[in-house]
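The values are calculated or read from the model by the stated rules, or taken from the named source; none is laboratory data. Just so it is clear, the structure is predicted and the values come from calculations on it, not from any experiment. Cβ placement follows ideal geometry from the backbone for every residue including glycine, while neighbour counts extend to all protein chains displayed. These area figures cover heavy atoms from the full protein model, side chains too; ligands, DNA and RNA do not enter into them. Shrake-Rupley method; radii C 1.70, N 1.55, O 1.52, S 1.80 Å.
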Amino acid sequence: MFGPGPLYPQVHFDYTDLTYLPHRVGVSWGYYVQQGLEADCPDDQMTCPPQPQTVGKGLTNVVPVIWNPLPEFDTVNQDGQTGNIQNVSRFYSAAREGKLPAVSWVVPSQADSEHPPGKVSAGQAYVTGLINTIMSGPDWDSTAIFLAWDDWGGFYDHVVPPTVDENGYGLRVPAIVISPYAKRGCVDNQTLSFDAYLKFIDDDFLGGQRIDPATDGRPDPRPDVRESLPILGSMAADFDFNQRPRPPLLLPLHPRPGPASSLGSEALASGCGSNLVLTVTPRHARVGSPVQLHFRVAVEPNQPSRGKPAGAPVADASITFAGHRARTGRNGSATVTLLPPHRGVVEALASRSGLQAGAHVDALAPSPQGGLG
């Protein structure tokens, strides 16, 4: 399938590649390859001789490898799109000049892939450099970046994947959404797969059209149209296109070592799959007498599951109560002293990361015996 030099057309794929539909409707695309050695073995071997991963001038210098299969697709060759497969240096230039195509794929070589024996630190610096370049360029305010891993260091998943078809889903892998419009601190609990990235492209640029033999008339060896499976979530849920665009956040390529990060309130108090909860004690106060109220803000998932903390505290939440304002500390708590002026219900409102929660205190008149009436 793959080899030390160009094999097309002797070896070719006749089914439809991911660039076919975008090209048909004029959506630009680019596939950017970091030159070096390929990161995986082509046939699932544990070890194999390293193969070069290069992109030269024209198809005759493109080496198809497992992470650069497009040169062997009929659709790419017949559409005259092999020139879209470029050295990653062209990606940096396009990002700096504001000339990125509508859809880009960027793949590393072995050294920066975080696959052994590549260093994780090298892969982190490589990815940070790519994202910093995008953020520094004129295309940032209309960009969505999906940072994806194809596995994770051999620590394989203990959760059985859902059954969807004969191919199924695999183990869970990390992914990060980076964009001026990405929801802040959002942990997405949908069922997603790599099909979700293609679904997002289809929905964003193609009006929801899918690679489907029933509509495009081309061969497709898949048992179904994976992007249309009911179980598959939508990456669009991770964005808020009505929010003010987030400014760039440039990170150092080689940061100094620091304390381990933790799953904080921003990661839990998200607008995709969680509820904010506000509690207050005591729930009753006496008119004309000062009372110290203790507020606690927490986040609870809509669908609690094993391993997901319920009632996790939310720091830096804003609380508004009877003209008072307070912010929760690291433990999700805040204290306010209230002097109720009259009887009735006094409402409190907590907000954080676009979520809101309410609670109330009943202000009661004192009884003749001095208690609450």
Item to check | Cβ crowding within 10 Å averaged over residues, with 142-149, 44-51 ranked highest first | outcome: 142-149, 44-51
Item to check | J(HN,Hα) series, segment 282-288, from Karplus relation 6.51 cos²θ - 1.76 cosθ + 1.60, nearest Hz, glycine and proline x | outcome: x, 8, 10, 9, 9, 4, x
Item to check | Solvent accessible area, Å² - Phe321, 1.4 Å probe, full protein context | outcome: 0 Å²
Next on the checklist: Using the Karplus curve 6.51 cos²θ - 1.76 cosθ + 1.60 with θ = phi - 60°, what ³J(HN,Hα) values do you get for each residue of segment 18-31, in whole Hz, with x for Gly and Pro?
Outcome noted: 5, 8, 4, 5, x, 5, 4, 9, x, 8, 6, 8, x, 10
Checklist entry - Taking Cα centroids, how far is segment 119-152 from segment 188-247 in Å? => result 21 Å
Checklist outcome for this item: Highest mean packing first, using Cβ neighbours within 10 angstrom, the peptides 340-347, 214-221 sort as 340-347, 214-221
Checklist outcome for this item: The ³J(HN,Hα) series, computed from each phi in segment 105-118 with the Karplus coefficients 6.51, -1.76 and 1.60 at θ = phi - 60°, rounded to the nearest Hz and given as x for glycine or proline, is 10, 10, 10, x, 8, 4, 4, 10, 8, 6, 8, x, x, x
Next on the checklist: 5 Å is the cut-off here: which amide hydrogens, built 1.01 Å from N in the peptide plane, fall below it relative to Phe239, excluding neighbours closer than 5 in sequence?
Outcome noted: Lys183
